[in-house]
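To start, the structure itself, in structure tokens.
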Amino acid sequence: MKIYEFKAFPHPRRVRMFLAEKNIDVAFEQINVPAGEHRTEAYLAKNPSAAVPLLELDNGNFISETVAICRYFEALQPEPALMGTTPEEQATIEMWQRKMDNSLMITVSHYFHHATEGLGELEIYQNHNWGEQNKAWANKGLEQLNQQLQTNSFVAGNSFSIADITALCAVDFALYLNLFSLSAFPAIDRWYQAVNQRPSASA
Ligand SMILES: N[C@@H](CCC(=O)N[C@@H](CS)C(=O)NCC(=O)O)C(=O)O
């Protein structure tokens with residue numbers, strides 16, 4: 001079993017954090033995304049979506065998409081549960097995981113690709129206004145997250161979950177791009193100081 005990734009990038013970091021929380025050891029192979037290694041014929045044969053992370057199973061099958069990879073490891077090793085155990089927990093965590101993906105990770109990503117240099121020459125199409133619109137939507141996502149964290153210790157409630165992993169990686173991506181300041185969102189700031197200290201945050 002092996003995971004193709006590019007260590008510094010946000011989506012691979014989500015998988016690294018998930019594995020670290022579960023104390024699962026998997027081999028990694030680096031695919032240099034800024035150098036275009038994810039667009040070679042050899043890599044596209046493994047993942048036609050041209051993206052990392054990608055999990056290669058021992059039977060030769062591939063699983064792409066961050067959450068699908070995490071779900072595989074959750075099923076393989078349920079403890080500690082990061083995707084809930086009861087039907088209500090599972091649905092609540094999935095709800096917040098999707099909210100964090102849609103309102104933060106994806107909007108910050110669009111901002112990066114469209115309103116900044118992004119991946120440079122690898123950017124096939126850029127629309128600055130679309131990037132700026134996504135910045136505004138990312139700020140709405142932060143407001144929603146701040147509101148949720150005013151009454152909850154973690155993103156999906158009382159325990160750490162995959163929703164916190166997605167939110168932390170998206171918040172760090174946004175901070176790296178200077179999209180916002182933590183001081184403007186006190187509840188996010190309190191949560192950030194706590195989750196950022198978990199050993200998995202530097203996995
Ligand atoms: N929906 C995918 C997105 C993965 C993704 O966008 N990965 C980025 C790295 S963080 C990538 O490979 N980008 C390549 C590109 O933009 O050309 C997932 O959840 O895994």
### Query
Using unit Cβ charges (K, R positive; D, E negative) and no other charged atoms, how large, in debye to the nearest 20, is the dipole of the chain about its Cα centre?
280
### Summary
With x for Gly and Pro, the residue-by-residue ³J(HN,Hα) of the range 85-91, computed from phi through the Karplus equation 6.51 cos²θ - 1.76 cosθ + 1.60 at θ = phi - 60° and given in whole Hz, is 10, 7, x, 5, 4, 4, 5
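Pairs of alpha-carbon atoms within less than 8 angstrom and 6+ residues apart define the contacts here; what relative contact order does the chain have, in percent? Let's see the in-between values first.
Numbers: 263 pairs, mean separation 44.7, N = 203.
Averaging sequence separation for qualifying contacts and normalising by length gives 22 percent for the chain.
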### Task
Report ³J(HN,Hα) in whole Hz for each residue of the range 44-53, in order, from the Karplus equation J = 6.51 cos²θ - 1.76 cosθ + 1.60 where θ = phi - 60°; Gly and Pro get x.
4, 5, 7, 9, x, 6, 6, 8, 10, x
## Note on the structure
Counting sequence-distant residues (5 or more places) and residues on other chains, those with an amide H built under 5 Å from that of residue 28 are 3
### Query
Roughly how many debye, to the nearest 20, is the charge dipole of the range 87-202 about its Cα centre, given +1 on each Lys and Arg Cβ, -1 on each Asp and Glu Cβ, and no other charges?
260
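In the chain, what percent of the accessible surface is made up of carbon and sulfur (1.4 Å probe, ligands and nucleic acids excluded)?
Values: 5170 of 10280 Å².
In the chain, the share of accessible area belonging to carbon and sulfur is 50 percent.
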#### Entry: Per principal axis, descending, Cα span of the chain in whole Å
48, 43, 27
### Accessible area expressed per residue, the range 2-76, with surrounding protein chains retained (probe 1.4 Å, Å²)
49
### Task
Using per-residue counts of other Cβ atoms within 10 Å, averaged over each peptide, order 119-127, 78-86 from highest down.
78-86, 119-127
## Note on the structure
As straight-line cross-link partners of residue 135, the qualifying lysines (C-alpha separation under 29 Å, not fewer than 8 residues apart within one chain) are 7, 99
## Note on the structure
For the range 98-103, Karplus-derived ³J(HN,Hα) couplings (6.51, -1.76, 1.60; θ = phi - 60°; whole Hz; x for glycine and proline) come out as 5, 4, 5, 5, 6, 8
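The values are calculated or read from the model by the stated rules, or taken from the named source; none is laboratory data. Everything quoted here is computed from the prediction, not taken from an experiment. As a convention, Cβ positions derive from the backbone with ideal geometry for all residues, glycine included, and neighbour counts pool all protein chains shown. Heads up: the accessible areas ignore ligands, DNA and RNA and are worked out on the full protein's heavy atoms, side chains in. Shrake-Rupley method; radii C 1.70, N 1.55, O 1.52, S 1.80 Å.
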